[in-house]
1. Just for region 47-64: of the residues that are out of contact with any Lys or Arg (no Cβ under 7 Å at 6 or more places or on another chain) and within 24 Å of R120 (Cβ to Cβ), which one is surrounded by the fewest Cβ atoms within 10 Å (Cβ to Cβ)?
2. Do you know which residues across region 84-96 are touching a residue at least 24 places away in the same chain (Cβ under 8 Å) and more than 20 Å from T8 (Cβ to Cβ)?
3. Residues in region 107-115: is at least one touching a Cys at 6+ places or on another chain (Cβ under 9 Å), under 20 Å from K14 (Cβ atoms) and not aliphatic (A, V, I, L, M)?
4. So which residues in region 21-46 are of a type outside the set (A, V, I, L, M) and either part of a helix (DSSP H, G or I) or surrounded by fewer than 17 Cβ atoms within 10 Å (Cβ to Cβ) (or both), if there are any at all?
5. State whether the residues of region 1-14 include one that is aliphatic (A, V, I, L, M) and in contact with a Phe, Trp or Tyr (Cβ under 9 Å, 6 or more places away or on another chain).
6. For residues that are among the hydrophobic types (A, V, I, L, M, F, W, C) and assigned to a loop (DSSP other than H, G, I, E, B), tally how many sit in region 1-19.
7. Which of (1) surrounded by 19 or more Cβ atoms within 10 Å (Cβ to Cβ); (2) over 15 Å from the mean Cα position of the chain (by Cα) is the odd one out, the single condition D83 does not satisfy?
Amino acid sequence: MLFMGTYTPKLDDKGRVFLPAKFRDRLAEGLVVTQGQENCLVVWPVDVFAEEADRAASRPMTNKAARRYARILFAGGDESTPDKQGRIGIPAHLREYAALERDVVVIGVRDRLEIWNPARWEEFQAEAMADFADLDEDDD
């Protein structure tokens, strides 16, 4: 299954968010929420996270960038399973990292979901769309 689309659920008072219904079966076995680039959160199906963890472990720990990536990937991570209503709890430290309040944006990105602060998503999307419009296959 490919994760695609943009959704705008809300965080409840307990810091939980409803996952888009069409993705719930794929995430029912478990998931990992962790910090992503550009201050968003990444929601990995547990099996895909295991593959990412293996990739991180395959890089030598003598490589500074590899150590940094592994630290961020694992230190901020939270493993969970959606409840019967399809909600997942977002721990306070991850909500703070991504500046999540009530409104959030959930986007599908092939093998994972990302959870964004709406203003940050708009800002990122505007910049990315400008770059996308200028893509040229002759550029390297």
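1. In the first step, residues of region 47-64 are kept if they are out of contact with any Lys or Arg (no Cβ under 7 Å at 6 or more places or on another chain); the result is 47, 49-60, 62-64.
Subsequent filtering for residues that are within 24 Å of R120 (Cβ to Cβ) retains 49, 52.
Working: F49: 23, E52: 17.
It comes out as E52.
2. If the condition is that a residue be touching a residue at least 24 places away in the same chain (Cβ under 8 Å) and more than 20 Å from T8 (Cβ to Cβ), then P91, A92 are the ones that fit.
3. Start the filter on region 107-115 by keeping residues that are touching a Cys at 6+ places or on another chain (Cβ under 9 Å), which leaves 107, 114-115.
Remaining after also requiring under 20 Å from K14 (Cβ atoms): 115.
Then keep just the ones that are not aliphatic (A, V, I, L, M); that gives none.
Within region 107-115, not a single residue is touching a Cys at 6+ places or on another chain (Cβ under 9 Å), under 20 Å from K14 (Cβ atoms) and not aliphatic (A, V, I, L, M).
4. Start the filter on region 21-46 by keeping residues that are of a type outside the set (A, V, I, L, M), which leaves 22-26, 29-30, 34-40, 44-45.
Within region 21-46, K22, F23, R24, D25, R26, E29, G30, Q37, E38, N39 qualify.
5. Here is the first cut: in region 1-14, the residues aliphatic (A, V, I, L, M) are 1-2, 4, 11.
Applying the additional criterion that residues be in contact with a Phe, Trp or Tyr (Cβ under 9 Å, 6 or more places away or on another chain) yields 1.
Looking for residues that are aliphatic (A, V, I, L, M) and in contact with a Phe, Trp or Tyr (Cβ under 9 Å, 6 or more places away or on another chain), one finds at least one in region 1-14, hence yes.
6. Selection size over region 1-19: 4.
7. Single failed check for D83: (1).
Any read-out appearing in this document is the output of simple, stated calculations on the displayed coordinates, not a laboratory observation. Remember, it's a predicted structure, so these values are computed and weren't measured experimentally. In this analysis, Cβ positions are derived from the backbone assuming ideal geometry, glycine residues included, and neighbour counts consider all displayed protein chains.
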